[in-house]
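The values are calculated or read from the model by the stated rules, or taken from the named source; none is laboratory data. Model, not experiment: these values are computed from the prediction. Cβ: placed from backbone, ideal geometry, glycine included. Neighbour counts: every protein chain shown. Remember, those area values only see protein heavy atoms, side chains included, never the ligands or the DNA or RNA. Shrake-Rupley method; radii C 1.70, N 1.55, O 1.52, S 1.80 Å.
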Amino acid sequence: MSTKSITPEDAARLVAEGALLVDIREPGECALVIAGAHPAPLSTGAAGLAAKPGQPVIFHCRSGRRTQMNASALASTVDTDDVYLLEGGIDGWQAAGLPVERR
């Protein structure tokens, strides 16, 4: 399976349409979160990922670098051809003016 890059704005639209947003950061890194993002730390191999078959999945980290480096492994954890990596991670999401929450 391959991954595609997605802008924060397009990701927000897909999430509103039912895509699963997955935060691969470790728990200690998550002072800011995107509401509704499913936590699945990379160190756990994205264990507990609750994607439905065929459901689009968008992975994010802080800057987008970690998702890029682990794209193949992340794509292999889900049963869909619609696998996206959030451009710029949560930093890009926030820079686009999209909402984040403090934990």
* Residue pairs meeting the criteria (Cβ under 6 Å; at least 6 apart or on separate chains; first open to solvent by less than 40 Å² (accessible area, probe 1.4 Å), in the range 1-23; second polar (S, T, N, Q)) -> Leu20/Gln55
* To do: Evaluate the range 36-59: report whether one residue or more is under 14 Å from Pro8 (Cβ atoms) and out of contact with any strand residue (DSSP E or B) (no Cβ under 7 Å at 6 or more places or on another chain).
  => no
* Asked: Can you tell me how many residues in the range 47-103 are modelled with pLDDT under 90, more than 22 Å from Glu17 (Cβ to Cβ), open to solvent by less than 70 Å² (accessible area, probe 1.4 Å) and not small (Gly, Ala, Ser)?
  -> 0
